[in-house]
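J.: This is the structure, below, for whatever I ask next.
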Amino acid sequence: MSQYQLLETAFYQQPTLQLAKELLGCTLVKISTEGTTAGYIVETEAYRGPHDRAAHSYNNRRTKRTEIMFKEAGHVYTYVMHTHCLVNVVSGEVEQPEVVLIRAVEPCEGVELMVERRGAMALKNLTSGPGKLTKAMGITMEDYGRRFDESPLFIAKGVAPEEISVGPRIGIANSGEAKDYPWRFWITDNSFVSR
DNA sequence: TGGAAGATGGTCT
DNA sequence: GACCATCTTCCAG
């Protein structure tokens, strides 16, 4: 898709908290046989390796599921939560299991296809949550292990956000002191953030 | 090998 | 705000 300018591999090789902020406003794109869907990333969360109790890689837990987190920055980490698939960007050095969770996007291409996949919904409900956006964009476990710097699932340049808000992460109440870390970032006043 | 837990979302009260 | 759908992963026994 030539109208999209892919982010270089080097973009992913910055500190995880910074990457989480830099990803805001970038364009997440998925190309499938049904068509292309794309959205501006408006909300992210950072999960930082061995010392973050909320991370799957806490205490260097290395399993079949978390294996990808130990690889180079820029890989795709998808996993299933209840009935939904969630998508993350691997960051950090090799052997440093850190990721950025993409929690919400603002649709910018393929809205009709998103509506079809999600069922008739208000525009604001299409992609305003980590499980919603993967369903709307057709992101599944098939994408596990791919790279964000190449088709069919990639991230391209977008628009710089005017203002960024910071706060504690969502849905990790059982993670002890980690639940209060201010590692959630979103574009201030954007109506597509998850809550 | 069975059971419990989980970075969620939709529905109903 | 509470409940549950539904599935993978992991660990105890």
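J.: Post the alpha-carbon centroid distance, region A:139-195 to region A:60-83, in whole angstrom.
T.: Taking the Cα centre of each part, region A:139-195 and region A:60-83 sit 15 Å apart.
J.: Right, another one. Kindly provide the helix-only [θ] at 222 nm of chain A, computed as the sum of -39,500 (n - 2.57) over DSSP H runs of four or more divided by all residues, to the nearest 500 deg cm²/dmol?
T.: -3000 deg cm²/dmol
J.: Going down the list A:LYS21/A:LYS132; A:LYS157/A:LYS179; A:LYS132/A:LYS179; A:LYS30/A:LYS64; A:LYS71/A:LYS179, which pairs span over 28 Å between their C-alpha atoms?
T.: A:LYS157/A:LYS179
J.: What accessible area per residue comes out for chain A, rounded to a whole number of Å², with a 1.4 Å probe?
T.: 48 Å²
J.: Gain in length, A:ARG65 to A:GLU150, computed as 0.36 nm per residue apart minus the alpha-carbon separation, to one decimal in nm?
T.: 28.4 nm
J.: How long are the semi-axes of the equivalent ellipsoid of chain A, defined as square roots of 5 times the Cα gyration tensor eigenvalues? Whole Å, largest first.
T.: 24, 18, 17
J.: Out of A:MET81, A:SER91, A:MET69, whose Cα points farthest toward the positive end of the dipole of region A:34-190 (charges: +1 Lys, Arg; -1 Asp, Glu; placed on Cβ)?
T.: Of the options given, the answer is A:MET81.
J.: So, one more: How large is the dipole of region A:67-195 about the Cα centre if only Lys and Arg carry +1 and Asp and Glu carry -1, each at its Cβ, rounded to the nearest 20 debye?
T.: Computed about the Cα centre, the dipole is about 520 debye.
J.: Taking a 1.4 Å probe, which of A:VAL76, A:VAL115 shows the most accessible area, and what order do the others take after it?
T.: So, going from the largest accessible area down, we get A:VAL115, A:VAL76.
The values are calculated or read from the model by the stated rules, or taken from the named source; none is laboratory data. This structure is a prediction, so every number in the text was calculated from the model and none was measured. Positions of Cβ are generated from backbone atoms using ideal geometry, with glycine treated the same way; all protein chains shown enter the neighbour counts. Side chains are part of the model used for accessible areas, which takes the heavy atoms of the whole protein and leaves out ligands, DNA and RNA. Shrake-Rupley method; radii C 1.70, N 1.55, O 1.52, S 1.80 Å.
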